[in-house]
Each structure stands twice: as structure tokens, then as C-alpha cells.
Amino acid sequence: MKYRALSAAVGLAALLVAANAATADATAILDHLQNSPATCLDLSLARLGEMIDMHGVAGGYGGFADVEDNDIVIHAYSATAKPDEASCKHIVDRIKTAGRVDPKTGDPDDPASGYTSLFSYPGDDEFKIDRSYAQTVDSMFSIMVANGETGDGKAMACQSRLLSNKITYQRQ
């Protein structure tokens, strides 16, 4: 009987220690994340990724944005689209249209695309950063699309600059 009581007490103590450790870890993680400010770039990429996903719902694709070699890369993917050039081009065109860029010419509706506003913040003197800030941001955008599961040579990947009417295709 004493053994059972001792065993139960040890088990309860171990459970409380485990629960406290889990709470302590969660608190430490949340404290760290709450005290680590996001950069304007982090926020801009998150806003762009959300916009790509929002427009992609109707087009059957999802996506995200990242920075690679000084380019802002919009990655889009679809598991349901046909892995052919036409379907790949269709998604590239949708992404350009959502950013107010004419897919046929590669020209933005305004002096810059709608995506540049996602990389602008009140209080920033963009002229001091770059004399043609919005146009320079536009020149940094690249689009990469993958239709189908890559790795077996059956998927279709295509890429284009945002401000271009050219698209390259590759089997992956």
C-alpha cells in the first residue's frame, strides 16, 4: 500500500514537472518571439504571400514570397493544374494581372505595379533610399510557378520577371 502511494506521488510529481516544463518552454518561446521585431522586409513578404494566396484560391494555386539573390521571388504551385506550358502561363498571367501588370506587354498600369505598395511604409523617405524606389522594387520581382509534383520530370515549371512578357519553361 505504501508502495502504491509512493508510486502515485512520484507519478504526480513527474506529471507536474513535465507540465511546468512545457509551460516554461512555451512562455520562453512566446517571450522571445514577442521581443524579436519583424523587419519591414518580413512584413512585406508576408503581405505579398497573403495576396498571392488570396488571388490563387480562385485560380487553383497557392504561393509565398521570398528573397533570393536580391530578387523578390513569388513562388506559386498547383497540384491540380495540368503540368503543361499553357497552365503554367495561365498562373503567371494571373499573378501579373493581380499586381496590375499587363501580361501581354509586361507593363504596369501605373508607373509601378500594385505589388510595390506592399514594400512601402509611412514615414520612409523612399527618395533617399532610391530615386526611383517603386520602379526599382518592380525590377526586383521574379515569378516561379510549378504545376504538378516536381522531381519525376513530369511537372512543368515556368518563370518570368514581373515586368516582362517572356516566360521560360522547364520540365522538373
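Check the chain for me: any Cys whose beta-carbon has no other cysteine beta-carbon within less than 4.7 Å?
Cys with no partner Cβ under 4.7 Å: C40.
Over the chain, what is the percentage of antiparallel beta bridges among all DSSP beta bridges, to the nearest 5? It would help to have the intermediate numbers written out before the result.
On the way: 18 of 25 bridges.
Close to 70 percent.
Just the accessible area per residue of the chain, please: how many Å² with a 1.4 Å probe?
In whole numbers, the chain has 63 Å² accessible per residue.
What are the lysines whose alpha-carbon lies under 25 Å from the alpha-carbon of K104, with same-chain residues fewer than 8 places away excluded?
K82, K89, K96, K166
How large a share of the accessible area of the chain, in percent, is made up of carbon and sulfur atoms when the probe is 1.4 Å and the other protein chains stay in place?
Using a 1.4 Å probe with all protein chains present, the chain comes out at 58 percent carbon and sulfur.
Working with all protein chains in place, sort H75, H55, H32 by solvent-accessible area computed with a 1.4 Å probe, largest first. Mind dumping the intermediate values first?
Working: H75 35, H55 65, H32 115 Å².
Of H75, H55, H32, the descending order of accessible area is H32, H55, H75.
Given the whole protein assembly as supplied and a 1.4 Å probe, what does the accessible area of R100 come to in Å², nearest 10?
It works out to around 110 Å².
What's the local net charge at G56, with K and R +1, D and E -1, over the other residues with C-beta under 14 Å away? Mind showing how you got there, number by number?
On the way: positive: R94, K96; negative: E50, D53, D93.
Residues close to G56 contribute a combined charge of -1.
As I understand it, the value is the acute angle between the Cα axis of helix 40-59 and the longest principal axis of the Cα atoms of the chain; what does it come to in degrees, rounded to 10?
70 degrees
When the chain is treated as a GNM, springs tying every alpha-carbon pair under 10 Å, which of D124, D66, D109 comes out with the largest mean-square fluctuation?
Result for the chain, Cα springs under 10 Å: D124 fluctuates most.
For the chain, what is the Kirkwood estimate of the hydrodynamic radius, computed as the reciprocal of the mean inverse distance between distinct Cα atoms, to one decimal in Å?
With all distinct Cα pairs of the chain included, I get 19.1 Å.
For Y169, tell me the accessible area in Å² from a 1.4 Å probe, rounded to the nearest 10.
80 Å²
The values are calculated or read from the model by the stated rules, or taken from the named source; none is laboratory data. Since we're looking at a predicted model, the values are computed, not measured. Note: ideal-geometry Cβ built from the backbone for every residue, glycine included; neighbour counts use all protein chains shown. Ligands, DNA and RNA are stripped out before the accessible areas are found, and what is left, the full protein with its side chains, is counted by its heavy atoms. Shrake-Rupley method; radii C 1.70, N 1.55, O 1.52, S 1.80 Å.
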